[in-house]
Protein chains: 2
Amino acid sequence: MPVRSDARRNHQVLLDAAREAFAEHGTDASLRDVARRAGVGIGTLYRHFPAREALLEALLRDDFDRLAERAAALADGDPREALLTWLRELAVGQRTIRGLPESVMEALRDEESQLHASCQAMRDAGGRLLARAQKEGAVRGDLTANELLALVAGLVWASEYAPDSGARLDRLLRVAMEGVGNGHE
Amino acid sequence: MPVRSDARRNHQVLLDAAREAFAEHGTDASLRDVARRAGVGIGTLYRHFPAREALLEALLRDDFDRLAERAAALADGDPREALLTWLRELAVGQRTIRGLPESVMEALRDEESQLHASCQAMRDAGGRLLARAQKEGAVRGDLTANELLALVAGLVWASEYAPDSGARLDRLLRVAMEGVGNGHE
DNA sequence: ACCTGAACACCGTTCAAGT
DNA sequence: ACCTGAACACCGTTCAAGT
């Protein structure tokens, strides 16, 4: 984090501009355009974020942290409903950052990275919601938080290809919940 | 399709080079690099494929057509096994072309496009395998081919983020088959 | 301590000139 | 009928010059 107040301001303005640009043009939006939106020179962008990867990671970390807080806030109330509500919010967040480049996926897997730590914290928070739902008997007991998050993320991604992505997502979530098999195999 | 033999050769060489480059550097590999690999001028690439989109669509159509043929070839044998085998091959194909740009996804949704037609033919072929498995009672009856393909594609995508993507995929497929819920909710 | 913009190498895409 | 490569506008990234 920068210490001078103008720098701190630029840092935030750049993040906001980047979120906008990535939402509009996908994950490889022009960084020059981001700097233009933020009203700073291209050099300033690079001083704060030495590569596109750094920008994406910063945004992703914000998302993870926000979702972790939301999970904590949902820790009361009906276990099953709390989990479903949180997964829905996860789905919305997932939608904003599509097509992460390989470099970010690597950082996500790197156990030393701050990104991994934020992701881990979110998974832990979500895991507590999962555990409650499992204890109540609403969800099969052998499912890990990792697997559940991957499952939901995958279905969100797949839904985007459908004409009516919202309806498709609801349907796929239901199928995944009940199972593809018909139970008496 | 070009008529002169040198042009027809270039067409194929360009497709091969593109498949290589996209596999290595993702869907936004350098087109200049593709032309270099193919050993032709950059202008020739543009004469055959007026935009990156055209290149991606041509490759995708090949994949769809190949998978449709495979489905037809699997139409004998045990219904459940045939469907699972085919879905596994679908998963492998899915892996090769990751991060399709929005333009291609639009073409995929456009019912007039050749890409849509190829995709439709593949879905129909897969749908026949699905129908057999449903008739046998191995798969719930209300699932459409569209939904099944979306589900599998999503799980493949999600598996890529795991350290051991093969194991993760197997696990997610199993969970989706049996259901996330524990059956007595 | 931080900001700026020119500079370099590269890319996507077009098109006049060739055979 | 097809191929080529120079040309243009743009981009990612670096860095010397500024305050």
- homo-copy label distances at A:R8 (7 angstrom along Cα-Cβ), nm, one dp, ascending, are 7.0
- Note on the structure: Checked the range A:26-185 with the C-alpha gyration tensor, a ≥ b ≥ c its square-rooted eigenvalues, rounded below a/c of 1.5, otherwise prolate if a/b is larger than b/c and oblate if not; verdict prolate
- Task: Place the label 7 angstrom along Cα→C-beta at A:G41 and in each other copy, then list the distances from the first to the rest in nm, shortest first.
- Result: 4.1
- Query: Can you give me the relative contact order of chain B as a percent, contacts being Cα pairs under 8 Å and 6 or more apart?
  - Reply: 19 percent
- With charges only on Cβ, +1 for K and R and -1 for D and E, what is the dipole size of the range A:1-65 about its Cα centre, in debye, rounded to 20? 400 debye
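Using only the Cα atoms of the protein assembly as shown, build the gyration tensor, take square roots of its eigenvalues as a ≥ b ≥ c, and label the shape rounded, prolate or oblate: rounded if a/c is under 1.5, else prolate if a/b is larger than b/c, else oblate.
oblate
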- Message: Run the label-point distances for A:A117 please: 7 Å along Cα to Cβ, every other copy, nanometres, shortest first.
- Response: 5.6
- Query: Would you list A:M105, B:M177 from fewest to most Cβ contacts within 10 Å?
  - Reply: A:M105, B:M177
- Let me know the charge dipole size of the protein assembly as shown about its Cα centre in debye, to the nearest 20, where only the beta-carbon of Lys, Arg (+1) and Asp, Glu (-1) is charged. 700 debye
- Helix B:79-96 versus the longest principal axis of chain B: what is the Cα-based angle in degrees, 0 to 90, to the nearest 10? 40 degrees
- Message: Give the residue list of trypsin sites (Lys or Arg not before Pro) in the range A:3-50 that are DSSP loop and have at most 16 other beta-carbon atoms within 10 angstrom.
- Response: A:R4
- Nearest 10 degrees, 0 to 90: helix B:52-73 Cα axis against chain B principal axis: 40 degrees
- Message: How tilted is helix B:114-135 with respect to the longest principal axis of chain B? Cα atoms for both, answer in degrees (0 to 90, nearest 10).
- Response: 20 degrees
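Only the coordinates and a few stated rules stand behind these numbers; no lab work does. These numbers were taken from a predicted model, which means no experiment stands behind them. Backbone-built Cβ (ideal geometry, glycine too); neighbour counts: all protein chains shown.
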